[in-house]
1. Gly251 - would you say it is touching a strand residue (DSSP E or B) at 6+ places or on another chain (Cβ under 8 Å) and touching a residue at least 12 places away in the same chain (Cβ under 8 Å)?
2. Does segment 55-72 contain at least one residue that is crowded, with 22+ Cβ neighbours inside 10 Å and closer than 29 Å to Ala160 by Cβ?
3. Residue by residue through segment 147-159, note down the ones that are under 15 Å from Ser194 (Cα atoms) and out of contact with any strand residue (DSSP E or B) (no Cβ under 6 Å at 6 or more places or on another chain).
4. When you go through (1) open to solvent by less than 20 Å² (accessible area, probe 1.4 Å); (2) farther than 17 Å from Ser172 by Cβ one by one for Arg50, which number turns out not to apply?
5. Take Gly301 and tell me if it is within 24 Å of Gly342 (Cβ to Cβ) and free of Cβ contacts under 8 Å to residues at least 60 places away in the same chain.
6. Scan segment 123-154 residue by residue and report those that are more than 15 Å from Leu225 (Cα to Cα) and free of Cβ contacts under 8 Å to residues at least 24 places away in the same chain.
7. Just give me the residues in segment 17-47 being surrounded by fewer than 20 Cβ atoms within 10 Å (Cβ to Cβ) and not in a helix (DSSP H, G or I), in sequence order.
8. In segment 260-270, what count of residues is obtained for those that are surrounded by 17 or more Cβ atoms within 10 Å (Cβ to Cβ) and of a type in the set (S, T, N, Q)?
Amino acid sequence: MASAKLAVIVLAAGMGTRMKSSLPKVMHPLAGRPMVSHLLDTVSGLAPDRMVVVVGPDMEVVSNTVAPHPTVIQADRLGTGHAVLQAKAALGQFDGNVLVLYGDTPLITRATLERMLAERRGPRDPAVVVLGFKPHDPGHYGRLVVGAEGLKAIVEYRDATPEQRENPLCNSGVMAIDGNRLWSLIERVDNKNSKGEYYLTDIVALARADGATCSHVEGDPAELLGVNSRSELAVAESLVQARLREAAMEGGATLIDPATVWLSWDTKIGKDVTVWPHVVFGPGVTVGDNVEIKGFCHFEGCSVEDGVAAGPFARLRPGAEIGENAHIGNFVEVKKSTIEAGAKVNHLTYIGDARVGAGANVGAGTITCNYDGFNKSFTDIGAGAFIGSNTSLVAPVKIGDGAVVGAGSVITKEVTEGALAVARGSQMELKGWADRFRAQQAAKKAKKD
């Protein structure tokens, strides 16, 4: 019986020149995290015994991202076979199954990888299992040559005959390989081809020459999109978003117009949540049950508890914690603040570095003046307090429980519990001034004409 042990080699040394970016290709984000992290998360579900990531020179950002998994450097990019060979020192004589994956092909699913491993461990004991697919446009993909005895060879498009190019079954590059035979096969790969590279695909023909069988599993083309350009990154993003939206709806959320809702890889949405069109969830958002999020909201790094109503046009920034049944209305921005249960911040307001106590009501146009140009300071609004419209709360400042602040106030000192505070200039009126002013201006204009 084939071994149940599993090692994974992830090839991530590509420069991504078509991206036209200083960022390594596999670090470009999908749904808020690097594409290589999506792949590693999928692979972690297989509980591999070993994993190594092959990176290029000066790719410390990739090494840091994939840690604690070890990385090895492919100093010279001489092809996929050469890249896999760089992992030999890290893996050693591993006698289990070895998956070879690609950091720029992040959409492959665990179910597909499990089918490959099941084939590798099957009664035919294939030395190599290749993941094939049939794309709408086969283009310049290598082709899988399959016969009655299984997979016979992989032919790169440049080296294929016209007849082989008519074959719709393409090579994804993903392989499951017998670890006992891997290095023997890799070390015999040569570069006698049109590109002068060491092709990993050549191990199929080498295994067959040794008398071993090889086989293939056919995968979904949507899982096997390789991201090599910004346009392909956009296509991959759309596919990831479709998966995330479907998962949210299956989990009990209503997305009124799913195509306009954008989620992050870690977005958590509860049951009986309604999300209106044009809502964006950045990384680090948790939404409880029975929440309504109206259109054009943007949430990031925040938590929203059960029964909250938010939006439209609300922005919750990192550190915002919205308590049960609180209201966050239109054109309200909350940053690094706690809005406690039942509090209302309904419109045209900025709350930053603050606490709004349970049941408090914050009027339109209120701002917490939290930054003095050097330091951020805290504003504490007590439970049941009422803050009148167009109020500026100059931090650090405290508004006591049940206190009332008159509209238009600029509050710089503590307001005690149950008190009324009004801080605005005295109103002055000059009788007839407006009529006289208009008459003077009209006379001046008449002289000019």
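1. Numbers: touching a strand residue (DSSP E or B) at 6+ places or on another chain (Cβ under 8 Å): yes; touching a residue at least 12 places away in the same chain (Cβ under 8 Å): yes.
Against the criterion (touching a strand residue (DSSP E or B) at 6+ places or on another chain (Cβ under 8 Å) and touching a residue at least 12 places away in the same chain (Cβ under 8 Å)), Gly251 qualifies.
2. no
3. Glu156, Tyr157, Arg158, Asp159
4. Here Arg50 meets the rest and fails (1).
5. Numbers: within 24 Å of Gly342 (Cβ to Cβ): yes; free of Cβ contacts under 8 Å to residues at least 60 places away in the same chain: yes.
Yes, satisfied.
6. From segment 123-154, those more than 15 Å from Leu225 (Cα to Cα) are 123-130, 143-154; that's our starting set.
The answer is Pro123, Val145, Gly147, Ala148.
7. Lys20, Ser21, Ser22, Leu23, Pro29, Gly32, Arg33, Gly45, Leu46, Ala47
8. Adding up the residues that qualify gives 2.
The values are calculated or read from the model by the stated rules, or taken from the named source; none is laboratory data. The model shown is predicted, which means the values in this text are computed figures rather than measured ones. All Cβ positions, even for glycine, are placed from backbone atoms using ideal geometry, and neighbour counts span all protein chains on display. When the accessible area is computed, the model is the full protein with side chains, heavy atoms only, and any ligands, DNA or RNA have been set aside. Shrake-Rupley method; radii C 1.70, N 1.55, O 1.52, S 1.80 Å.
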